[in-house]
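Remarks on the structure that follows.
The values are calculated or read from the model by the stated rules, or taken from the named source; none is laboratory data. From a predicted model like this one, the values you see are computed outputs, not experimental measurements. Neighbour counts run over all protein chains shown; Cβ positions are idealised from the backbone, glycine included. Surface areas here come from the heavy atoms of the whole protein model, side chains and all, with no ligands, DNA or RNA. Shrake-Rupley method; radii C 1.70, N 1.55, O 1.52, S 1.80 Å.
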Amino acid sequence: MIRSSSEESDRDGASSEMRSRIRYHPLKSRSKAFVLTSAVFSNTFIRKYGIFSVILCLGLGYLFYTRVLYQQYIYQTLPLYQKSIRLRLGHSENYSDQVDQWKPIGDPSDRLQIYSAYFDPRLEIVHNFRVTEGTLPFGTVRIFSILPLKVRRREIYCHFRYANNRTVWHRADQVDAIHENFGMEFSASYVVCKLVGNKHQVDIELPAEVGLTYDQDLSAMQPTSFVGIHYPSRHQDFLLRTPPRRKLAICVGPAHHNYSNAARIVEFVEYWQLLGAERFYFYNKSVTAEVDRVMSYYRERNVVEVLQWNLEGYEFEKDLRYEGIFAALNDCLYRATLVGDFHYTALVDFDEFLLPLRVIVPKNNDTTAAVAEEETLVQYLDRQGRFDVHSFNFEAVFFYGFYEEDFSKLPPGWANNTYLYTQFRTMRTKKPLMHHNRSKYVAVGRNVIEAGNHFVWRAMRDTNEYRVPETEGLLFHYRDLCIGYGCETYVEDTSARRFGNEIQHSVDNVCQQLFPETGGVCPLGDD
């Protein structure tokens, strides 16, 4: 297309007129901070992941708050508040001496039950619980119960009853199913409710009993059962401000199905005493008259505390795990730690012993004349223990009943009870199982929150499990039948014979007193 010269001149004139109307402004100078901010927020990656970055920063800030700033509240404010108050029961009765038993929560047909309650002054437990303005927490009450697995915290209420029958109630601060419930309908559970006081209040009365309600209808909230709250036996120190006075307690789960092996219980108690145990806690659901005679003998000598375990109404291993054992284990841990004032608590069965292995111990502090001596379990724990350990976990080996037994060390002539598991079963599985697989442990009670069967589930922050090497100690488990853990390979191990004739003498002496009609022989029963 051919354009005329007149058209081109008209176009050039219009462009010149337009250029004359445009005004150009000089660029303003920008500060370095503005340029940097613009560059950062204009970046594609930052725009794309901006929300994630903000959440990450908030999370790091929260961790800083809980780990640094909030420590002042836990380790300064609350201890100072505890020191400034005086705690007292309403009258002189010691509620720790009350007999615990399972009681219904509400309608018995609902199969909710309550067993025991413990005052726990450890401030690390309460630091996440909300308090109203003008109050501070000084402790909690932990209640052991059987509740539906899927219970909601907002449906559980704690009712505290004081010596003058005054009742105060509020919603539970924590409701949790104890682990290892296998997803069954009911679970051993614990309910935690805080106790608070006014900031300006010096003298605080403690509740005597507590009950639970499980009902969404607030108008129907009247507990059907109360249990006594167990407090530390030393009334002058409810807050556990001094170290434990006693060393080692032993917890054994419920004896059931008419347990009949009286000889095993005698050997168990006498052997554990040689290892350093001072106190035993047994839970009796169903035993024979002979076993009851043994338990009564030790109870009268203040060696054993026997708790009645009247837990009924469940199809075990379908509705509820194994006789409610996890409620018993945790109840026992708190009973031994907070009431019994024990530093260590071993959670084992009647056929289990935790043995430290032989070490070289100098006699009379003379290192040049070192002699091999047997170390008790308490001595081992004290030697290995540290402030940041919550438990000592022992690997398991099994002494099965079908292995060949060794009676060559049988005391000639005088021994009445000739079948002691620790003395005549000397063949065991060769390879110990890994930690947490059928293992057992000794808990440092004040550092543990929730106990399991084979290891600790919850413990105080910044504490750890000490996994005992197999060269230092083992769990000796005396079973009759193989449970599928390396039964084919076995070795000889005579470590349990460390006490020689001492254990034989002590067992014979007890059995002679208990069963003179059988010539001093304790019944082996059907187990």
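A few points about this structure:
- Residue within the stretch 494-503 that is touching a His at 6+ places or on another chain (Cβ under 8 Å), within 19 Å of Lys440 (Cβ to Cβ) and open to solvent by less than 80 Å² (accessible area, probe 1.4 Å) present: no
- When every residue of the stretch 392-403 is checked against the conditions, none turns out to be open to solvent by 20 Å² or more (accessible area, probe 1.4 Å) and either of a type in the set (A, V, I, L, M) or in contact with a Lys or Arg (Cβ under 6 Å, 6 or more places away or on another chain) (or both).
- Subset of the stretch 89-141 that is of a type in the set (Phe, Trp, Tyr) and modelled with pLDDT under 90 - its residue that is nearest to Tyr157 (Cα to Cα): Phe129
- Condition check for Val444: surrounded by 18 or more Cβ atoms within 10 Å (Cβ to Cβ) and touching a Gly at 6+ places or on another chain (Cβ under 8 Å): yes
- Filter pass, Val287 being out of contact with any Ser or Thr (no Cβ under 8 Å at 6 or more places or on another chain), surrounded by 19 or more Cβ atoms within 10 Å (Cβ to Cβ), closer than 25 Å to Gln101 by Cβ and of a type in the set (A, V, I, L, M, F, W, C): no
- Residue list for the stretch 119-175, restricted to those being in a strand (DSSP E or B), open to solvent by 10 Å² or more (accessible area, probe 1.4 Å) and under 25 Å from Arg86 (Cβ atoms): Thr135, Leu136, Arg161, Thr167, Val168, Trp169, His170
- Taking residues in the stretch 491-520 that are within 16 Å of Gln423 (Cβ to Cβ) and touching a residue at least 24 places away in the same chain (Cβ under 8 Å), and partners anywhere that are in a helix (DSSP H, G or I) and open to solvent by 30 Å² or more (accessible area, probe 1.4 Å), the pairs with Cβ atoms closer than 7 Å and at least 6 places apart or on different chains are Phe499/Leu274; Glu502/Leu274; Ile503/Leu274.
- Test: residue in the stretch 412-421 that is at pLDDT below 95 and in contact with a strand residue (DSSP E or B) (Cβ under 7 Å, 6 or more places away or on another chain): yes
- Scanning the stretch 299-328 for residues that are among the aliphatic types (A, V, I, L, M) and either in a loop (DSSP other than H, G, I, E, B) or at positive phi (or both), we see that the one that is surrounded by the fewest Cβ atoms within 10 Å (Cβ to Cβ) is Val303.
- Wholly within the stretch 419-521, strands (runs of 3 or more DSSP E) carrying at least 2 residues that are in contact with a Leu (Cβ under 9 Å, 6 or more places away or on another chain): 440-444, 448-451, 473-479
- For first residues located in the stretch 134-156 and closer than 26 Å to Met184 by Cβ and acidic (Asp, Glu), partners that are open to solvent by 20 Å² or more (accessible area, probe 1.4 Å) and part of a loop (DSSP other than H, G, I, E, B) and lie 6+ apart or on another chain with Cβ distances below 6 Å form the pairs Glu155/Gln216.
- Answer from Arg264, Arg293 - the residue that is outside any strand (DSSP E or B), open to solvent by 40 Å² or more (accessible area, probe 1.4 Å) and out of contact with any strand residue (DSSP E or B) (no Cβ under 6 Å at 6 or more places or on another chain): Arg293
- Among the residues examined, Asp217 qualifies as modelled with pLDDT under 90, on the phi < 0 side of the Ramachandran plot and among the acidic types (Asp, Glu).
- Note on the stretch 73-88: residues that are open to solvent by 50 Å² or more (accessible area, probe 1.4 Å) and either modelled with pLDDT of 85 or more or over 26 Å from the mean Cα position of the chain (by Cα) (or both) total 6.
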